[in-house]
Each structure stands twice: as structure tokens, then as C-alpha cells.
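Here is the structure we will look at, set down as C-alpha cells.
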Amino acid sequence: MIFTTSRVPVDEFARVTGWRFKPEGLCRGERCVPFRSADPALVDLAAVSVALTMPLVGDAQHGLWALGAEAGGRALKSAVAPELELPDFRGGTFRLSSLRGTKILLVAWASW
Amino acid sequence: MWQELRRELRPQGLEIVTVALDARGAETAGPWIQKAAPDHPSLIDEGHLVDALFGVVNVPSGIWIDEEGMVVRPPEPAHPRRPDYLDRVVPPDASPVERERILLVKALHVEAERYVGALREWASAPRGKSRYALAADEVVRRSRPRPIEEATAAAHFALGQALYRRGVPSAATAHFREAHRLHPTNWTYRRDAWSLAGPERDAAYGTSWIDEVKREGVENYYPPLQL
């Protein structure tokens with residue numbers, strides 16, 4: 001999950017990570033983690049990295065920051081499928097949730 | 001490769017969504033997708049987001065998600081048919097390295113028939129009635145452990161890919177190397193980075209697919225299906 005600044009607008013943060021600001025903290029689906037942002041419009045990646053246990057790696061010289069996976073436990077924290085938003089080869093953005101009501105086989109492959 | 005199964009199973013209510021783990025994106029994955037001419041969504045995942053979100057570590061991997069958006073099988077080897085490489089014959093003039101590679105690939109554990117059989121059963125079963133759809137706690141338990149090292153490797157790989165895109169391959173390589181060190185059994189991080197390095201691979205990473213498969217054990221490359 002890539003960002004071009006270390007302080008990110010809240011809506012961009014929600015779009016990239018799936019974590020949204022709510023009165024109870026940061027929430028994704030039914031899970032919430034207590035968190036209060038000092039600035040209501042901007043998310044400080046370093047602070048949020050600690051709260052969500054998602055490691056942050058940055059290259060300030062090139063203006064790039066990456067949040068890793070949520071550490072601890074298992075890769076899937078629950079069986080609720082995380083939202084996956086990726087570009088479709090034909091153009092446009094695909095969201096996994098757009099296929100709700102249908103069984104999905106998600107296949108990871110590569111050309112290499 | 002999945003198009004044929006998709007045609008068979010779509011009328012039963014199953015959709016196939018393919019995700020290409022290619023750091024170079026459509027530039028390298030595109031020709032393959034065009035050739036396959038799929039009707040299903042064909043996504044491009046340059047930063048290997050599915051590794052971070054679902055725990056994918058190799059390809060091909062399949063994840064089953066039911067009508068309600070619940071994962072009912074976490075990532076596992078998913079071969080739509082028996083790969084040609086299992087039946088390759090070592091040519092008499094093969095170099096020792098070629099010979100070793102062909103024999104190693106032939107020894108990979110592939111269970112295409114069992115996998116597709118289970119997929120067909122799930123596709124035709126009413127919701128909650130398939131013997132292959134796992135309960136929620138079993139799905140979580142079977143997904144990979146996520147220690148801090150592997151969570152951090154996901155950040156290094158994504159940053160390496162973004163730096164590569166920015167045109168700074170030397171900085172990218174340093175992060176790819178760190179991803180490999182922190183998560184040595186993630187084959188998507190390794191093979192995509194090696195592919196980007198091209199002929200510079202040995203100098204940049206000092207290892208090869210043969211070396212790594214032998215070190216990890218060829219039997220662990222595609223673990224047996226637990227159906």
C-alpha cells in the first residue's frame with residue numbers, strides 16, 4: 001500500500017487501506033482499533049502504523065512510503081474477505097465486493 | 001488457462017477472477033491475458049497486494065469466496081490442469097544446469113485433478129452444502145501465520161516496486177532484497193524481483209530458483225492439498 005506523502009488525506013487512506021475513521025477509532029468492516037488523529041483531515045502514517053501494527057517503510061528522498069501487512073496472528077484476521085481493489089486489464093477499477101451474491105475463485109498467477 | 005473452466009462453471013454461479021502478480025503490470029502480463037482472451041475480470045497487482053491481504057506466497061494460488069463475501073478456502077496451490085513441465089524429457093544435449101532444472105520442476109507436487117474436482121463440487125453445491133467449503137475459524141487457522149517479519153516484507157516489496165516504477169532500480173533492489181531476507185519462502189517476492197533484474201539477477205541477488213527450491217525442499221514448493 002503505497003503513499004507519496006507521510007501525512008495522507010483521510011479519504012485517500014480509506015481508499016487505499018480499507019480502514020475508515022469512525023467515532024470509535026479506525027474501522028474496517030466490523031473490526032475497530034482505538035485511534036485518534038491529531039489532525040481530522042490528515043493521517044500520520046507513522047502513528048497509524050503503530051495503531052494498526054502495519055509496518056511502515058519509507059524513502060523520503062523519492063517521496064514514497066509503504067504500509068505492510070497487519071502483523072500478528074494469521075494472514076486472515078477473520079474469514080470476511082478483505083476488500084480488494086485493483087485495476088482491470090481492460091481499464092477501470094475492479095472491486096471484489098462488486099461480485100457479492102456470486103461464488104468467486106480468486107486466482108493469483110504471474111507471467112514470470 | 002482458466003477460461004475453459006470459467007465457461008463450464010459460470011452458468012452454475014461461479015466467477016473466476018485472475019490477479020497477475022507482475023511488478024511491470026500490463027507490460028508483461030498483458031500479452032498473456034490478450035492471448036487467453038478471458039471473459040472474466042483479469043486484474044493487475046503490481047505491488048502484490050494479495051500477498052499482504054490474503055497470505056499468498058506462490059503462484060498459482062486459489063482463494064474461494066462465497067456468495068456472502070466469506071473466504072471459505074484460504075490460499076492454496078490451484079492448477080487448472082496438469083502442467084506440461086511435469087512430462088518434459090531431458091534432452092540428450094542438456095547442460096548439467098538445464099538437466100537439474102528440468103528434473104527439479106518435474107518433481108514439483110501438483111494436484112490439478114483433485115483441485116478442479118473440488119472446485120466443480122463447490123460450484124454446483126447450494127450455499128453451505130459443499131464438503132470443501134471450510135468453516136470460518138478453520139479458514140483463519142489455515143491461513144498463513146503473519147509474524148512481524150513477513151508483515152514488514154510486504155512493505156519492502158511494495159516500496160521496491162514503486163521505486164522501480166520511478167526509475168530507481170538500485171534503490172528498488174535494496175528493498176526487494178530486504179523483502180526476501182524477511183520472508184524467504186515468499187516465491188512471488190523472489191521471482192518477480194529476479195525477473196525485473198534480468199541478466200543482472202545473479203549479481204543483484206546472488207541466488208537462483210534452483211538454489212532456493214533445493215534449500216526449502218522441492219516438496220514444500222507446492223504443499224499437498226488438504227481437501
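Filtering segment B:45-59 to residues that are farther than 17 Å from B:H79 by Cα and either more than 8 Å from chain A (Cβ to nearest Cβ) or outside any helix (DSSP H, G or I) (or both) leaves B:D45, B:E46, B:G47, B:H48, B:G55. Screening segment A:93-107 for residues that are of a type in the set (G, A, S) and within 19 Å of the chain's Cα centre (by Cα) and picking the one that is nearest to the other protein chains (Cβ to nearest Cβ) gives A:S97. Could you go through segment B:176-195 and let me know if any residue there is among the hydrophobic types (A, V, I, L, M, F, W, C) and either at pLDDT below 95 or closer than 21 Å to A:L45 by Cβ (or both). Within segment B:176-195, one or more residues are among the hydrophobic types (A, V, I, L, M, F, W, C) and either at pLDDT below 95 or closer than 21 Å to A:L45 by Cβ (or both). For segment B:11-44, a residue qualifies if it is more than 9 Å from chain A (Cβ to nearest Cβ) and free of Cβ contacts under 8 Å to residues at least 24 places away in the same chain, and the qualifying residues are B:P11, B:E27, B:K35. Take the residues in segment A:47-67 that are touching a residue at least 60 places away in the same chain (Cβ under 8 Å) and at the interface with chain B (Cβ under 7 Å from one of its Cβ atoms), then tell me which one is surrounded by the fewest Cβ atoms within 10 Å (Cβ to Cβ). So the residue we want is A:L64. Just wondering, is there one or more residues in segment B:91-101 that are within 30 Å of A:T53 (Cβ to Cβ), part of a helix (DSSP H, G or I) and under 21 Å from the mean Cα position of the chain (by Cα)? Checked against the condition, which is being within 30 Å of A:T53 (Cβ to Cβ), part of a helix (DSSP H, G or I) and under 21 Å from the mean Cα position of the chain (by Cα), segment B:91-101 yields no hits at all. Restricting A:L86, A:L96, A:L76 to those that are of a type in the set (A, V, I, L, M, F, W, C), touching a residue at least 12 places away in the same chain (Cβ under 8 Å), buried (at least 16 other Cβ atoms within 10 Å of the Cβ) and in contact with a Leu (Cβ under 9 Å, 6 or more places away or on another chain) reduces the list to A:L96. Scanning segment B:210-227 for residues that are in contact with a helix residue (DSSP H, G or I) (Cβ under 7 Å, 6 or more places away or on another chain) and either assigned to a helix (DSSP H, G or I) or under 21 Å from B:K106 (Cα atoms) (or both) yields a total of 6.
The values are calculated or read from the model by the stated rules, or taken from the named source; none is laboratory data. It should be emphasised that the depicted structure is a prediction, and the values quoted were computed from it without experimental measurement. We place every Cβ from the backbone using ideal geometry, glycine too, and count neighbours over all the protein chains shown.
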